[in-house]
Amino acid sequence: MKILMVCLGNICRSPLAEGIMQQLADKQGFNWQVDSAGTGGWHVGEGPDRRSVRVAREHGIDISKQVCRQFSKSDFELFDHIFVMDKYNLSDVQAMAPHALAAAKVKLLLGTKEVPDPYFANEMFEPVFKLIEDGCEELIRVLAK
Ligand code: 4NP
């Protein structure tokens, strides 16, 4: 199974989602590949935001080696599922879908709720980590069936 996590910058939320989901899948012994990307290209080639690296490390996950990349149309073919953090990501990614089947691969990570952008709010990184962790735990229950 190939899963792509998407946010706006690919430096705060989706790197956390990639790290958390990959660790959960590995722990279950699932041979899943998890990646992440951003709808925007401002930070391409950079590592994750140091606040995300820190909160992940505090929870036993190393995301420091990830490299930011921008979402591309080819990702619709490469991945089975595409999970986005908020409704802007949802409409931006779906607008790039070449057909309805591709658009149907795209879902909010939290189902109907959004993962808020913590970029301008240092105190949001811990609650954002928890939200993403809850979402990934629910996902693994659903997708493992
Ligand atoms: P992310 O947060 O989408 O969770 O990675 C952001 C990071 C950078 C920017 C916006 C959101 N930015 O505008 O540079």
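Taking a ≥ b ≥ c as the square roots of the Cα gyration tensor eigenvalues, with a/c under 1.5 meaning rounded and otherwise prolate when a/b beats b/c, else oblate, which class fits the stretch 22-94?
oblate
Tell me the trypsin sites (Lys or Arg not before Pro) within the stretch 1-105 that lie in a loop according to DSSP and have at most 11 other beta-carbon atoms within 10 Å.
Counting only loop positions with at most 11 other Cβ atoms within 10 Å, the trypsin sites (Lys or Arg not before Pro) in the stretch 1-105 are LYS65, LYS73.
What FRET efficiency, computed as 1/(1 + (r/R0)^6) with R0 = 35 Å and r the Cβ-Cβ distance, is obtained for GLU58 and LEU78, rounded to the nearest 0.05?
Step by step, r from the Cβ atoms, then E = 0.65.
Can you work out the Karplus-derived ³J(HN,Hα) for every residue in the stretch 31-40? Use 6.51 cos²θ - 1.76 cosθ + 1.60 with θ = phi - 60°, whole Hz, and x for glycine or proline.
Ordered by residue, 3J(HN,Hα) equals 8, 9, 10, 10, 9, 8, 7, x, 6, x Hz.
Distance from the Cα centre of the stretch 12-90 to that of the stretch 127-145, in angstrom?
For the stretch 12-90 versus the stretch 127-145, the Cα centre distance is 13 Å.
Provide the descending list of Cα extents for the stretch 2-143 along its principal axes, expressed in whole angstroms.
If we take the Cα atoms of the stretch 2-143, the spans are 41, 35, 27 Å.
Which pairs break 24 Å Cα to Cα here: LYS65/LYS145; LYS2/LYS145; LYS65/LYS87?
Cα-Cα > 24 Å for LYS65/LYS145; LYS65/LYS87; rest within.
Pop out the ³J(HN,Hα) list for the stretch 129-134 in order, Karplus 6.51 cos²θ - 1.76 cosθ + 1.60 with θ = phi - 60°, rounded to Hz; leave Gly and Pro as x.
Those phi angles translate into 4, 4, 4, 5, 4, 4 Hz.
Charges only on Cβ, +1 for Lys and Arg, -1 for Asp and Glu: so what's the dipole of the stretch 2-143 about the Cα centre, in debye to the nearest 20?
The calculated dipole for the stretch 2-143 is roughly 120 debye.
Fully extended, how many nm does the chain gain between ALA100 and GLU138 (0.36 nm per residue separation, minus their Cα-Cα distance)?
11.1 nm
Can you find, among LEU108, SER91, ALA25, the residue sitting farthest towards the positive end of the charge dipole of the chain, where Lys and Arg contribute +1 and Asp and Glu -1 at Cβ?
ALA25
Taking the full set of protein chains and a 1.4 angstrom probe, give the accessible area of VAL6 in square angstrom, rounded to the nearest 10.
0
The values are calculated or read from the model by the stated rules, or taken from the named source; none is laboratory data. Model, not experiment: these values are computed from the prediction. Virtual Cβ from ideal backbone geometry, glycine too; neighbours counted across all protein chains shown. With ligands, DNA and RNA removed, areas are computed over all heavy atoms of the protein, side chains included. Shrake-Rupley method; radii C 1.70, N 1.55, O 1.52, S 1.80 Å.
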